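The values are calculated or read from the model by the stated rules, or taken from the named source; none is laboratory data. Here the structure is a predicted model, which is why all the values come from computation and not from measurement. Cβ sites come from the backbone with ideal geometry, for glycine too, and all protein chains shown count toward neighbours. With ligands, DNA and RNA removed, areas are computed over all heavy atoms of the protein, side chains included. Shrake-Rupley method; radii C 1.70, N 1.55, O 1.52, S 1.80 Å.
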Amino acid sequence: QVQLVESGGGLVQPGGSLRLSCAASGSTVDYRAIGWFRQAPGKERERVSCISSSDGSTYYADSVKGRFTISRDNAKKMVYLQMFSLNPEATAVYYCAAAGLLGSCHGDPEVWGQGTLVPVSS
């Protein structure tokens, strides 16, 4: 029932900033966790950031700590990923994803967005 749609991707210069948005639509589902994955060229999809609805805690991959910030607006059913100091290693397709009541920020999501491309290049 729930669908996730990412937006905000696009070309960004090294050292620049970008904010990704994820809009949730459909039926109201109490998700245990919602966050972001990314898949760089030739690499597997990896966890980037997540926010838990059970305790409000957040998770960040070591590679993005201090540079990325996840936030959620429950009223608007939106999730954001603010990215600072982007470098070419951040080039990837970024996916919004969510896990239901039986999931967590470290489990397998059950709902995925279509992805939004973020090329970091001069």
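Descriptive notes on the structure:
- Residues (charged (D, E, K, R) and in contact with a strand residue (DSSP E or B) (Cβ under 8 Å, 6 or more places away or on another chain)) located in segment 49-75: 67, 72, 73
- Residues of segment 1-50 classified as open to solvent by 40 Å² or more (accessible area, probe 1.4 Å) and among the β-branched types (Val, Ile, Thr), total: 3
- Residue that is farthest from residue 51 (Cα to Cα) [pool: residues in segment 92-122 that are at pLDDT 95 or above and over 14 Å from the mean Cα position of the chain (by Cα)]: 121
- Residue pairs whose Cβ atoms lie under 8 Å apart, separated by 6 or more positions or on different chains, with the first residue in segment 1-12 and in contact (Cβ under 8 Å) with a residue 24 or more places away in the chain and the second surrounded by 13 or more Cβ atoms within 10 Å (Cβ to Cβ) and among the basic types (Lys, Arg), are 8/19.
- Residue match in segment 25-39 (condition: more than 19 Å from residue 111 (Cα to Cα) and in contact with a strand residue (DSSP E or B) (Cβ under 9 Å, 6 or more places away or on another chain)): no
- Tally of residues being assigned to a strand (DSSP E or B), modelled with pLDDT of 95 or more and touching a Phe, Trp or Tyr at 6+ places or on another chain (Cβ under 9 Å) across segment 1-21: 5
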